[in-house]
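Structure first, then comments.
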Amino acid sequence: MSERPPISPRSPRAALEPEQLPPPPKRSDHARNPLVIIGNAIITILLIVMLGAGGIYVYGKQKIEAAGPLTEDKVVNIPQRAGLGDIAEILQREGVIENNRWVFIGSVLALKARADLKPGEYAFQKNASLRDVIGTIVEGKVVQHAVTIPEGLTSEQIVARLSENNIFTGGLREIPREGTLLPETYKFPRGTQREQVITRMQQAQKRVLSEVWERRNPEIPVKTPEQLVTLASLIEKETSKPDERTRVASVFVNRLQKKMKLQSDPTIIYGLVGGKGTLGRPIKRSEITQPSPYNTYVIEGLPPGPISNPGRASLEAAANPARTRDLYFVADGTGGHAFSDSYDQHLKNVAKLRAQERQIQNDTVEPAEESQPAAAPAAAAPDANASAAPPAAAPKGGKNGAQKKRSRNAPANAAAPAATPGATDQD
């Protein structure tokens, strides 16, 4: 038997103490490799970056989609050559975005939209989010301004209107030819060049004229589209009532076919003032027979060109007039006209109008107050060289809402009322 080692006596306290632990194992050479250490560091950094990016993405998404500060719809103009910082400043000043414009700049960069931001006038809706604001500017959804050009204006008058409208920019090299512009309601963004406006109106007129010319009645006594525009311009100036246009057209067509002078007062006015369009007073008796290339009391047939820019309705009336025997028309005192196919009936219509005018003049005369000097008569005697008849009381309302007085002119060498087809504006 082998002998056991002697047991050393131990105190109870010593017996409770653990025996000496073995030393820890040595770290492997692989774990101490620099590549492993660098790889672990990179993985750790990537995890931190990914967690941070995820947090930023969630925060950014919430900010981009969140309702904006606008309390009501608002229109904001972003000028040309405005940079990203300028746009952010404008939107912040106008209350479209929050006070921290860096959120907007960061959102634009995050959406990769910096190069797509466009200048212009934009309408932002109430509580528009950053995504909505940026999307509106990127898509170029600029505000469109409605511009209405009334029928019957001359080219000079249309150019004056465009020059006074501050949504347009740039000048015009020349006044377009009469009758080449289509009166209509157009929509343009702020900053549109006036030359572009004229070009668009001319293109619209060519398109409409081509459509109307193709559908014309082949029996009308006009040979070219230009003559159709000229006839339509007379119709446009003679009446603003839609239901009368084709009948006024029939009067002129019947007169052309019978080789009768058209005797249209607006042609006298155009011959006197040209593109200005308005005379500002009644036509004088001497002006009725005053030679002019446009005075249809003197010349045969149509004038050499349009006297205004007619609208689509007048072009269609000229191309397809009503089938009547009418040769005359005169204001009926209610804003329309009384038509007739005989001179005798025309004289009766004129007499009826005169009676209405006298009645209206009598009804409008008021006694002067005691403290005031005597009032002038309601209808003063006309000048020796003025029109033989006073202005009629019937108003004529154009498309622009203006109310115009109509007057009747008698030829200087006739004692009876004129046998002209109708009367027209004198202002």
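Computed from the coordinates by the stated procedures, all read-outs in this text should not be read as laboratory data. Everything numeric here is computed off the predicted structure, so don't read it as measured data. Glycine gets a Cβ as well: all are built from the backbone with ideal geometry, and neighbour counts include every protein chain shown.
Work out how much length Ala66 to Arg93 would gain on full extension: take 0.36 nm times their residue separation and subtract the Cα-Cα distance, in nm to one decimal.
Going from the current span to full extension adds 7.8 nm.
Modelling each spin label as a point 7 Å along the Cα-to-Cβ direction, I'd like the Ala41/Ser163 distance in nm, to one decimal.
Distance between the two pseudo-spin positions: 7.6 nm.
Could you calculate the FRET efficiency of Asp332 with Gln125 from 1/(1 + (r/R0)^6), where r is the beta carbon distance between them and R0 is 51 Å, rounded to 0.05?
Working: r = 51 Å, r/R0 = 1.00.
It comes to 0.50.
Using only the Cα atoms of the range 74-139, what semi-axes does the equivalent ellipsoid have when each is the square root of 5 times a gyration tensor eigenvalue? Give whole Å, largest first. Walk me through the numbers before you get to the answer.
Details: eigenvalues 42, 37, 28 Å².
One finds semi-axes of 15, 14, 12 Å for the range 74-139.
Over 32 Å between Cα atoms, which of Lys112/Lys206; Lys223/Lys352; Lys74/Lys241; Lys206/Lys284; Lys261/Lys352; Lys74/Lys237 qualify?
Numbers: Lys112/Lys206 43 Å; Lys223/Lys352 38 Å; Lys74/Lys241 39 Å; Lys206/Lys284 37 Å; Lys261/Lys352 24 Å; Lys74/Lys237 41 Å.
From the list (Lys112/Lys206; Lys223/Lys352; Lys74/Lys241; Lys206/Lys284; Lys261/Lys352; Lys74/Lys237), the Cα-Cα distance tops 32 Å for Lys112/Lys206; Lys223/Lys352; Lys74/Lys241; Lys206/Lys284; Lys74/Lys237.
For the range 144-210, calculate the relative contact order in percent as a whole number, restricting contacts to Cα pairs under 8 Å that are 6 or more residues apart. Please report the intermediate quantities before stating the final value.
Numbers: 80 pairs, mean separation 27.9, N = 67.
About 42 percent, as a whole number.
Mark the label point 7 Å from the Cα of Asp243 along Cα→Cβ and return the residues of the range 332-365 whose backbone N is within less than 18 Å of it.
Under 18 Å, as judged by backbone N against the label point of Asp243, lie 332-340 of the range 332-365.
Along the principal axes of its C-alpha atoms, what lengths does the range 158-266 span, in descending order and rounded to whole Å?
Projected onto the principal axes, the Cα atoms of the range 158-266 cover 51, 29, 27 Å.
Spin-label point model (7 Å from Cα, Cβ direction): what's the Val208 to Ile48 distance in nm?
So the two model labels end up 7.2 nm from each other.
Is the range 144-210 rounded, prolate or oblate when judged by the Cα gyration tensor, a ≥ b ≥ c being the square roots of its eigenvalues, rounded requiring a/c under 1.5 and prolate requiring a/b larger than b/c? Walk me through the numbers on the way to the answer.
Details: a/c = 1.58, a/b = 1.31, b/c = 1.20.
Judged from the Cα gyration tensor, the range 144-210 comes out prolate (a/c at least 1.5, a/b above b/c).
Give me the number: length gained by fully extending Lys118 to Glu226, i.e. 0.36 nm times residue separation minus the C-alpha to C-alpha distance, one decimal in nm.
Computed gain between Lys118 and Glu226 is 34.7 nm.
Hey, quick one: spin label on Glu219, modelled 7 Å out along Cα-Cβ, who in the range 313-335 has an amide N within reach, i.e. under 17 Å?
317-327
In Å, what Kirkwood hydrodynamic radius results for the range 116-161 from the alpha-carbon pair distances? Please report the intermediate quantities before stating the final value.
On the way: mean 1/r = 0.0755 Å⁻¹.
About 13.2 Å for the range 116-161.
Using the 2.2 N^0.38 Å rule of thumb for compact globular proteins, work out how the range 246-356 stacks up: its C-alpha Rg over that value, please.
Working: Rg = 14.4 Å, N = 111, 2.2 N^0.38 = 13.2 Å.
The range 246-356 yields a ratio of 1.09.
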